[in-house]
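Each remark here refers to the structure printed beneath this line.
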Amino acid sequence: MKHYIEIQKVRETDVIVDDTLTLPKNTDAFKPGDIISITEKIDGANSSIYYDSQEDRLRCFSSRNELDFSNQLRGFLPFVQMMDKELFAKYPEYIFFGEWLVKHSVIYDENNYNKWYLFSVYDTKTGQWLPQGFVKEFAEEFGLEYAHELYYGEFVSWEHCISFANAPAYGEQQEGIVIKNQTALEENRGPHILKYVNPSFKETQKRNHRQKLEDPNKIKEKQVAEEYIRMVVTEARVMKMFHKLIDEGIIPEQFSLEDMKMVARNLPRRVYEDCIKEEMEILQKAGEHGGKLCNKVTMEIIKKKLGL
């Protein structure tokens, strides 16, 4: 199965985490005059659909697995089964990516849930992502929801882009924005997709600089490791992965204390995998203590969040 792009957060300059770690600037592909699209970042379940011409049916996936009777992604599988496969049959080489909107951390208006919002299309033959113009036209032609577009035009500045990060269309809250550079996509400059997450939904936090790594007399190795872990194992990240486990049917939507064993068995591992995927540089700073500390901090956060 094809996974969606791991979208980096906007870094206009090198971000100095501490004296030994700097996260490099990642915005060089965005140049004044490039054509960009800005859409609202939707907090739902990442999912995809494609038409299987050999089996003459639509197949659908969560971010990790193909869906079937035992894993329906909180109603997404029956939703797809009700769709007209002929809409997709013209494009058997394309994979259609979208967000199945179910309740996660961001609160939306009730009438926006249980809908699928198309945001990207991938061409399996060329190995390329298609321009947003095609994605939007496909959605409009066949009556599909398209991720709320806040801006389409020339790239002006990052300040201009971020000015759209507080214009929610689906409720009173907005997680952030996704910025796609169409010119960079055509010219194979990257990364051509970046995201900006509003401060209240950030999945990382700044390190406490009152403690200094270079002073071994004041800080033990494990204490320093935990400080790094707490930078990336935050409430936002823990709850994101908690909701993904619900999406996949591993944890029931109607949660009870009896389900805590399943949470403890799966959630810390998923959080750790997400940190590896998105925050490897910081995670490496925790060294050999990273796994155990991730488990500790994850369970500490989820128990507090669930009132346990």
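Using 0.36 nm per residue, how much length does the chain from residue 54 to residue 105 gain when fully extended, once their Cα-Cα distance is taken away? Don't skip to the answer; put the middle values down first.
Values: separation 51, 0.36 × 51 = 18.36 nm, distance 3.88 nm.
So the extension gain works out to 14.5 nm.
Computed from point charges on the beta carbon alone (+1 for Lys and Arg, -1 for Asp and Glu), the dipole magnitude for the chain about its Cα centre is near 1340 Debye. Matching the structure-derived Rg and Dmax of the Cα atoms in Å against the labelled list (i) 22.5, 72; (ii) 20.5, 68; (iii) 19.8, 76 gives the label (ii).
Of the Cα atoms belonging to the range 35-201, the radius of gyration and Dmax stand at 16.1, 48 Å. Build a GNM of the chain with springs between Cα atoms under 10 Å apart, and of 86, 248, 175 the one that fluctuates most is 86. Residue-wise HN-Hα couplings along the range 105-118, as the Karplus relation 6.51 cos²θ - 1.76 cosθ + 1.60 with θ = phi - 60° gives them from phi, are 7, 7, 8, 10, 5, 4, 6, 9, 7, 6, 10, 10, 10, 5 Hz; Gly and Pro carry x. Sequence-distant contacts, meaning Cα pairs under 8 Å at least 6 residues apart, place the relative contact order of the chain at 20 percent.
Between the range 225-293 and the range 1-21, the alpha-carbon centres lie 19 Å apart.
Relative contact order, whole percent, for the range 69-188 stands at 21, derived from Cα pairs under 8 Å and 6 or more residues apart.
FRET efficiency for residue 134 and residue 195, Cβ-Cβ distance as r, R0 = 22 Å, nearest 0.05?
Values: r = 21 Å, r/R0 = 0.96.
Result of the calculation: an efficiency of 0.55.
Annotation: extensible slack from residue 257 through residue 8 equals 86.1 nm (criterion: 0.36 nm per residue apart, minus Cα-Cα distance).
Using the structure shown, select from 85/136; 25/136; 261/304 the pairs with a Cα to Cα distance greater than 23 angstrom. It would help to have the intermediate numbers written out before the result.
Details: 85/136 19 Å; 25/136 30 Å; 261/304 16 Å.
In this structure, 25/136 lie more than 23 Å apart at Cα.
Fewest-first ordering of 10, 271 by other beta carbons within 10 Å of each residue's beta carbon gives 10, 271.
Projecting the Cα atoms of 35, 63, 47 onto the charge dipole of the range 15-70, computed from C-beta unit charges around the Cα centre, puts 35 farthest toward the positive end.
Listed by Cβ neighbour count within 10 Å, with the fewest neighbours leading, 135, 178 appear as 178, 135. For the chain, the longest principal axis of the Cα atoms and the long axis of helix 132-141 meet at an angle of about 50 degrees.
Values in this text are rule-based calculations from the coordinates and carry no lab data. Small disclaimer: the values here were computed from a predicted structure and weren't measured. Because the Cβ atoms are built from the backbone with ideal geometry, glycine has one as well, and the counts that use them run over all protein chains shown.
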